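Some notes on the structure that comes next.
The values are calculated or read from the model by the stated rules, or taken from the named source; none is laboratory data. Everything quoted here is computed from the prediction, not taken from an experiment. For neighbour counting, all protein chains shown are included, and Cβ atoms are generated from backbone atoms with ideal geometry for every residue, glycine included.
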Amino acid sequence: MDKPEKPPITDASFVLQVEKLHRLTVYGRWLFCLFLWLTLAPICLWSLREEIVLWQQYFTWIAVRYGLFYHPFSTIGLAFCIGMTTAVLVWQSRNILMGLPHQEQQRLEKQVCRIRQQGSSHPLWKWICQ
């Protein structure tokens, strides 16, 4: 199987396509976080509703600790939502402040080459190449 040739970086359309793929990756990660907060978080909060009422009446950190301790699935679900959001924030901040790492830039370039090689049958073709 032939490896796709790496087009020259000076090709303006190729650089634009890599930027589109990166933007699509950013949107995809934020959409996943939004999906988690709209589906998983309400379920977890609903199962904590009795503890939340208690926390509103008598808030102590011990009450929060025991409420989360005795509802492990809710705790794990909320921790996953918070963790994914934090991870995407850190990832995007790093990319904005320091630029894309070389490995990630190469991965995006290889993926654009694969999309170009497969043509219009690739699911991302219309988002990247048109």
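In region 90-114, of all residues being loosely packed, with under 13 Cβ neighbours inside 10 Å and among the β-branched types (Val, Ile, Thr), the one that is modelled with the highest pLDDT corresponds to 90. Within region 57-80, does at least one residue satisfy the condition of being surrounded by 10 or more Cβ atoms within 10 Å (Cβ to Cβ), modelled with pLDDT of 95 or more, of a type in the set (Val, Ile, Thr) and touching a helix residue (DSSP H, G or I) at 6+ places or on another chain (Cβ under 7 Å)? Yes: one or more hits. Within the set 31, 48, 36, the sole residue that is under 23 Å from residue 123 (Cβ atoms) and surrounded by 12 or more Cβ atoms within 10 Å (Cβ to Cβ) turns out to be 36.
Against the definition (of a type outside the set (Asp, Glu) and outside any helix (DSSP H, G or I)), how does residue 59 come out, yes or no? So residue 59 fits the description; yes.
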